[in-house]
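Enquirer: Just passing along the structure, written as structure tokens.
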Amino acid sequence: MDILKQIRKHARECGDRIAVRAGDSAVTYQQLDDYSDRLAAWIQKNYQDEDKTPIVVYGHKSTHMIISFLACVKAGRAYCPVDISVPLSRVQCILEVVKPPVVLAAEELEIPYGHVLGVAELKRITEEESDRISEVCGVKGKDLFYIIFTSGSTGTPKGVGITTDCLNHFLDWSVNLGTEMKKKEGRAFLNQAPFSFDLSVMDLYTSLACGGTLWTMDKSVQMDFAKLMGRLETSGINIWVSTPSFADLCLADLRFSRELLPGLEVFLFCGETLTNNTARKLQQRFPDAAIINTYGPTESTVAMTEVLVTPELAEQQNSLPVGRVKPGSLVEIRREDGSVADNGEQGEIVILGNTVSAGYYHQPELTRNAFFECEKDGISYRGYHTGDLGYMDGGMLYYCGRIDLQIKLHGYRIEIEDIEKNILKLQGVDNAVVVPVSEGGMVKSLTAVISGREERNTFEAAREIKRGLKAFLPDYMVPKKIIFVDRIPMTINGKADRKAVGGLLK
Ligand code: AMP
């Protein structure tokens, strides 16, 4: 699969078909191809650095975002998507790491940066008759296609670099998930995740590869329950791509059923545990739809295992498997000493294969710690230590949690230490421990336990901490509850005693 050639093919063969629908605006395949060609020509003309430094694309769910992504890669540069939900201080961190020659801003960016191309200019360059690149001469092979930043335990995000080969190999597999590729032609795909999360790669590029229509759902709709069902009803969605948490949220409304979405054929889930309960409810409300659970970290290009969750599987008492490994990849379960575990034995999930990332952008040490090269049966592989715990049973992978302090909250990947390091930046704070609060095996909220502040136990003190944190962290990383203590319990090694802190909350 060559995604850029594939999009051009759709532009030639079904140019009038809607490629992306975002709120009230839409672009056809022909427009998507034309507009991104023009913007690519503009990038090539104005920026000639030999390194082809990646470009940051800032915004939310507009068609300009997707046009900009394609323009960057057609101009031979990776893009780095940054959603409007990212606080400006974090956007600043990303800009300092990437140092893009220009930011393509589909929404107003309220921080000063050398060169920012705003939405009016984006519109003019893409829609006015002007130069365009004559052929797709963009990124290929080992060139980075995109960089997605994810929470880092150091308190600053880290950028996962995904090559063109990785994306194309991923698409070879994802286009056939749930239904064959040709059955996805002309189908409507739900885009729920912001483009700065790699789950969106599953809907955006699978849809464009299959000649589907991406139906993006913006933040304001997702947060307004009354609007949400109304919008879904008119969406005509056939392929649902979301986190299980988002499906759970929709299930809270009894209208969310086959009657609301009669054309729904497949649910594709990734990013967090799909519970038996959620699967069973979906099977009752959508008896004709296939439910596919997939698993993988951003570092291995979205997902690399799949399983069809049948009613029989969902009825089992045990937790659902995350699936069998896709072609071109291997999963090894490793013991602490690095040896490969036996069937059924729990250990760290290590991923090998052709969709493993090139590493963390401009972070050689972090890259060395997590990624490696190896040879198996005469074949060279790139590998990644996921930090996930799991086991294999007859070729089927089961996920059992984490080795470290990374969690998933409502589908978002969060390093607990990322929050703690940012709390320590706030005035008067001596120490902080963040405790994930779970229910039914899923993290439902976060509580921060903080020492050092003089004024405590007041609503205002907690509010001040939250307000302060919002300057550094996206809303979903800000703990819901703040508890002030005299001192954080410590272990004999002088580290915060997380178990004892957890005990304080009971
Ligand atoms: P992200 O990089 O945001 O996609 O997060 C990757 C992490 O999410 C993985 O390392 C797992 O810890 C978790 N994850 C991904 N898919 C699943 C799944 N199907 N079931 C349980 N956890 C998952």
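Enquirer: More than 25 Å from residue 246 (Cα to Cα) and either touching a Lys or Arg at 6+ places or on another chain (Cβ under 7 Å) or not in a helix (DSSP H, G or I) (or both) - does that describe any residue in region 434-441? Walk me through how you get there before you give the answer.
Expert: Taking region 434-441 as the starting set, the residues that turn out to be more than 25 Å from residue 246 (Cα to Cα) are none.
Looking for residues that are more than 25 Å from residue 246 (Cα to Cα) and either touching a Lys or Arg at 6+ places or on another chain (Cβ under 7 Å) or not in a helix (DSSP H, G or I) (or both), one finds none in region 434-441, hence no.
Enquirer: Does region 326-345 contain at least one residue that is over 18 Å from the mean Cα position of the chain (by Cα), within 14 Å of the ligand (Cβ to nearest atom), surrounded by fewer than 19 Cβ atoms within 10 Å (Cβ to Cβ) and assigned to a strand (DSSP E or B)?
Expert: No: zero hits.
Enquirer: Could you pull out the residue among 19, 41 that is assigned to a helix (DSSP H, G or I) and not charged (D, E, K, R)? Step through it out loud before you land on a result.
Expert: Values: 19 fails: assigned to a helix (DSSP H, G or I).
Result of the check over 19, 41: 41.
Enquirer: If you scan region 165-182, which residues turn out to be farther than 22 Å from residue 80 by Cα and either without any contact (Cβ under 8 Å) to a residue 40 or more places away in the chain or among the hydrophobic types (A, V, I, L, M, F, W, C) (or both)?
Expert: 173, 175, 176, 177, 180, 181, 182
Enquirer: Going residue by residue through region 215-234, is there one that turns out to be part of a helix (DSSP H, G or I), of a type outside the set (Asp, Glu), more than 16 Å from the ligand (Cβ to nearest atom) and touching a residue at least 60 places away in the same chain (Cβ under 8 Å)?
Expert: Within region 215-234, the first condition is being part of a helix (DSSP H, G or I), and the residues that meet it are 219-223, 225-234.
With the extra rule that they be of a type outside the set (Asp, Glu), the set shrinks to 219-223, 225-232, 234.
In the following step, the residues that additionally are more than 16 Å from the ligand (Cβ to nearest atom) were identified as 219-223, 225-232, 234.
Applying the additional criterion that residues be touching a residue at least 60 places away in the same chain (Cβ under 8 Å) yields 219.
Yes.
Enquirer: Also, I was wondering about something else. Please determine, by comparing only the residues of region 353-369 that are of a type in the set (Ser, Thr, Tyr) and in a loop (DSSP other than H, G, I, E, B), which one is surrounded by the fewest Cβ atoms within 10 Å (Cβ to Cβ).
Expert: Step one: filter region 353-369 for residues of a type in the set (Ser, Thr, Tyr), giving 355, 357, 360-361, 367.
Those still in the list that are in a loop (DSSP other than H, G, I, E, B) too: 355, 357, 361.
Numbers: 355: 28, 357: 26, 361: 22.
Among those that are of a type in the set (Ser, Thr, Tyr) and in a loop (DSSP other than H, G, I, E, B), it is 361.
Enquirer: Which pairs have Cβ atoms under 7 Å, sit 6 or more apart or on different chains, and link a residue in region 380-391 that is more than 10 Å from residue 299 (Cβ to Cβ) to one that is near the ligand (Cβ under 10 Å from one of its atoms) and of a type in the set (Phe, Trp, Tyr)?
Expert: Listed pairs, sorted by first residue: 388/399; 390/398; 390/399; 391/398.
Enquirer: With the structure loaded, tell me whether residue 265 is surrounded by fewer than 22 Cβ atoms within 10 Å (Cβ to Cβ), free of Cβ contacts under 8 Å to residues at least 24 places away in the same chain and not aliphatic (A, V, I, L, M) or whether it fails that test.
Expert: Working: surrounded by fewer than 22 Cβ atoms within 10 Å (Cβ to Cβ): yes; free of Cβ contacts under 8 Å to residues at least 24 places away in the same chain: no; not aliphatic (A, V, I, L, M): yes.
The answer is no for residue 265.
Enquirer: Also, I was wondering about something else. In region 286-317, which residues are among the polar types (S, T, N, Q) and away from the ligand (no atom under 14 Å from the Cβ)? Explain how you work it out, then say what you get.
Expert: Here is the first cut: in region 286-317, the ones among the polar types (S, T, N, Q) are 293-294, 298, 300-301, 305, 310, 316-317.
Once the filter is applied, which keeps residues that are among the polar types (S, T, N, Q) and away from the ligand (no atom under 14 Å from the Cβ), region 286-317 yields 310, 316, 317.
Enquirer: A further question follows. Which of the residues that make up region 47-62 are farther than 10 Å from residue 84 by Cβ and not polar (S, T, N, Q)?
Expert: Within region 47-62, the subset farther than 10 Å from residue 84 by Cβ is 47-57, 62.
Correct list: 47, 49, 50, 51, 52, 54, 55, 56, 57.
Enquirer: Right, something else. Hey, among the residues in region 276-308 that are among the β-branched types (Val, Ile, Thr) and in contact with a helix residue (DSSP H, G or I) (Cβ under 6 Å, 6 or more places away or on another chain), which one's surrounded by the most Cβ atoms within 10 Å (Cβ to Cβ)? Explain how you work it out, then say what you get.
Expert: Here is the first cut: in region 276-308, the residues among the β-branched types (Val, Ile, Thr) are 278, 291-292, 294, 298, 301-302, 305, 307.
Applying the additional criterion that residues be in contact with a helix residue (DSSP H, G or I) (Cβ under 6 Å, 6 or more places away or on another chain) yields 278, 291, 301-302.
Numbers: 278: 22, 291: 27, 301: 32, 302: 29.
Ranking the qualifying residues of region 276-308, first place goes to 301.
Residue by residue, here is whether (1) touching a Cys at 6+ places or on another chain (Cβ under 7 Å); (2) among the aromatic types (Phe, Trp, Tyr); (3) surrounded by fewer than 24 Cβ atoms within 10 Å (Cβ to Cβ) holds:
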position	(1), (2), (3)
185	yes, no, yes
191	no, no, no
195	no, yes, no
214	no, no, no
220	no, no, yes
231	no, no, yes
235	no, no, yes
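Enquirer: For a quick check of your reading of the model, give me the residue pairs whose first member lies in region 327-340 and is polar (S, T, N, Q), whose second is in a strand (DSSP E or B) and surrounded by 14 or more Cβ atoms within 10 Å (Cβ to Cβ), with beta-carbon atoms closer than 8 Å and at least 6 apart or on different chains.
Expert: Correct list of pairs: 329/351; 329/352; 329/353.
Enquirer: Does residue 486 satisfy the criteria of being in contact (Cβ under 8 Å) with a residue 40 or more places away in the chain, among the acidic types (Asp, Glu) and exposed (fewer than 15 other Cβ atoms within 10 Å of the Cβ)? Break it down into steps so the answer makes sense when it comes.
Expert: Details: in contact (Cβ under 8 Å) with a residue 40 or more places away in the chain: no; among the acidic types (Asp, Glu): yes; exposed (fewer than 15 other Cβ atoms within 10 Å of the Cβ): yes.
The answer is no for residue 486.
Enquirer: Same structure again: Suppose we filter 418, 388 for residues that are within 16 Å of the ligand (Cβ to nearest atom), surrounded by 18 or more Cβ atoms within 10 Å (Cβ to Cβ), modelled with pLDDT of 95 or more and in a helix (DSSP H, G or I); which single one remains? Show your work before the answer.
Expert: Details: 388 fails: in a helix (DSSP H, G or I).
Going through 418, 388 in turn, just one is within 16 Å of the ligand (Cβ to nearest atom), surrounded by 18 or more Cβ atoms within 10 Å (Cβ to Cβ), modelled with pLDDT of 95 or more and in a helix (DSSP H, G or I): 418.
Enquirer: Same structure again: I'd like to verify a number: residues in region 421-441 that are under 16 Å from residue 498 (Cα atoms) and either within 16 Å of the ligand (Cβ to nearest atom) or in contact with a helix residue (DSSP H, G or I) (Cβ under 6 Å, 6 or more places away or on another chain) (or both), how many?
Expert: 6
Enquirer: Just to verify a result, which residue in region 401-415, among those that are in a strand (DSSP E or B) and touching a residue at least 60 places away in the same chain (Cβ under 8 Å), is nearest to the ligand (Cβ to nearest atom)? Break it down stepwise before answering.
Expert: Filtering region 401-415 down to residues in a strand (DSSP E or B) leaves 401-402, 406-409, 412-415.
Filter again for touching a residue at least 60 places away in the same chain (Cβ under 8 Å), leaving 406, 408-409, 412-415.
Details: 406: 7, 408: 5, 409: 11, 412: 7, 413: 3, 414: 9, 415: 11 Å.
Among residues in region 401-415 that are in a strand (DSSP E or B) and touching a residue at least 60 places away in the same chain (Cβ under 8 Å), the one nearest to the ligand (Cβ to nearest atom) is 413.
Enquirer: Quick check on my filter: what residues within region 243-287 are touching a Gly at 6+ places or on another chain (Cβ under 6 Å), hydroxyl-bearing (Ser, Thr, Tyr) and assigned to a loop (DSSP other than H, G, I, E, B)?
Expert: Scanning region 243-287 gives a single hit, 243.
The values are calculated or read from the model by the stated rules, or taken from the named source; none is laboratory data. The model shown is predicted, which means the values in this text are computed figures rather than measured ones. Note that each Cβ is placed from the backbone with ideal geometry, even for glycine, and that neighbours are counted across all protein chains shown.
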